[in-house]
Every structure is written in C-alpha cells, then in structure tokens.
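Read the structure below first, then the notes.
Read-outs throughout are calculated quantities, based only on the coordinates presented, and are distinct from any laboratory measurement. Remember, it's a predicted structure, so these values are computed and weren't measured experimentally. Here the Cβ is made from the backbone with ideal geometry for all residues, glycine too, and neighbour counts use every protein chain on show.
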C-alpha cells in the first residue's frame, strides 16, 4: 500500500512540475504520468543510489543540494528513454527535480499522517 501511495504521489508531483515549469512536458494522460513516475522511481532506486554514492563528497560539501542535480540528471535520462517526457534544457530539469522532490515529500508526509499504515 505504501508503494502505491508513493507512486501516486510521484505521478502527482510530475503533473505539478509540468504545470509550473515551462521546459517540462508530458504527452498523454493519467497513465502516461504513472508510466513516467514508475520509470523515474525505478531509475532513481537503482542508478540514483549508485550516483548518490559516487557523488557523496559533493553532497556533503553542498549540504545535500547536489542531490537535486542528481535527480535532474535522472530526469534527463528518463526523458531520453521515454518518448512521452520532454525536457528542453538542464535548468528546467533542475527546477522540475526540485518541485518533484518538494511535492513528493509534502504529499507523502500528509498521506502518512492521514493514513497510518
């Protein structure tokens, strides 16, 4: 149940990021947002963990802000692998990664308080 809730929160955060950031576009409906969220989640869990370990000194020096750059790189990779997601430039990806991180954290935290699983 927690996994489905996180997946829905990530899909919602992608929707909000595409609404707020002009350089990010997802072509499709709800299922496309779920697909992009699934692909981003899988890449973030596998490749993202490895990248975060490799860039640990930069993450420590920037007090965690470099994690936004790592998430932006994963977002760019998802855009290359999926024809449904378009990212125009790196700064759009950085802003979108920041929005996605904040919204996912807020929605997951609110859901955790509302539904103690």
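Checking the conditions here, which among 39, 47 is under 17 Å from residue 6 (Cβ atoms) and either outside any loop (DSSP other than H, G, I, E, B) or out of contact with any strand residue (DSSP E or B) (no Cβ under 6 Å at 6 or more places or on another chain) (or both)?
Numbers: 47 fails: under 17 Å from residue 6 (Cβ atoms).
Among 39, 47, only 39 is under 17 Å from residue 6 (Cβ atoms) and either outside any loop (DSSP other than H, G, I, E, B) or out of contact with any strand residue (DSSP E or B) (no Cβ under 6 Å at 6 or more places or on another chain) (or both).
So which residues in the stretch 79-117 are out of contact with any helix residue (DSSP H, G or I) (no Cβ under 6 Å at 6 or more places or on another chain), assigned to a helix (DSSP H, G or I) and closer than 20 Å to residue 47 by Cβ, if there are any at all?
Across the stretch 79-117, the qualifying residues are 79, 80, 81, 90, 101.
Looking at (1) farther than 19 Å from residue 99 by Cα; (2) outside any loop (DSSP other than H, G, I, E, B), which is the only condition residue 28 fails?
Going through (1) farther than 19 Å from residue 99 by Cα; (2) outside any loop (DSSP other than H, G, I, E, B) one by one, residue 28 breaks only (2).
Looking at the stretch 69-78, can you tell me whether even one residue there is under 21 Å from residue 7 (Cα atoms), free of Cβ contacts under 8 Å to residues at least 60 places away in the same chain, touching a strand residue (DSSP E or B) at 6+ places or on another chain (Cβ under 8 Å) and in a loop (DSSP other than H, G, I, E, B)?
Of the residues in the stretch 69-78, the ones under 21 Å from residue 7 (Cα atoms) are 70-78.
Filter once more, so that each one left must be free of Cβ contacts under 8 Å to residues at least 60 places away in the same chain: 70-78.
Remaining after also requiring touching a strand residue (DSSP E or B) at 6+ places or on another chain (Cβ under 8 Å): 75-76, 78.
The next check asks that each one be in a loop (DSSP other than H, G, I, E, B); those that pass are none.
Checked the stretch 69-78: no residue is under 21 Å from residue 7 (Cα atoms), free of Cβ contacts under 8 Å to residues at least 60 places away in the same chain, touching a strand residue (DSSP E or B) at 6+ places or on another chain (Cβ under 8 Å) and in a loop (DSSP other than H, G, I, E, B).
If you check 63, 5, 53, 10, which single one turns out to be out of contact with any helix residue (DSSP H, G or I) (no Cβ under 6 Å at 6 or more places or on another chain) and either assigned to a loop (DSSP other than H, G, I, E, B) or surrounded by 11 or more Cβ atoms within 10 Å (Cβ to Cβ) (or both)?
One residue alone meets the criteria, 63.
For the subset of the stretch 19-34 comprising residues that are under 13 Å from residue 79 (Cα atoms) and touching a helix residue (DSSP H, G or I) at 6+ places or on another chain (Cβ under 9 Å), which member is surrounded by the most Cβ atoms within 10 Å (Cβ to Cβ)? Give the steps one after another, and end with the answer.
Narrowing the stretch 19-34 to residues under 13 Å from residue 79 (Cα atoms): 23-27, 32-33.
Those left that are additionally touching a helix residue (DSSP H, G or I) at 6+ places or on another chain (Cβ under 9 Å): 23-26, 33.
Working: 23: 16, 24: 23, 25: 14, 26: 20, 33: 21.
Once the filter is applied, the top-ranked residue is 24.
Do you know which of the residues in the stretch 80-100 that are surrounded by fewer than 21 Cβ atoms within 10 Å (Cβ to Cβ), within 12 Å of the chain's Cα centre (by Cα) and free of Cβ contacts under 8 Å to residues at least 40 places away in the same chain is farthest from residue 12 (Cα to Cα)?
Checked the stretch 80-100; the qualifying residue farthest from residue 12 (Cα to Cα) is 94.
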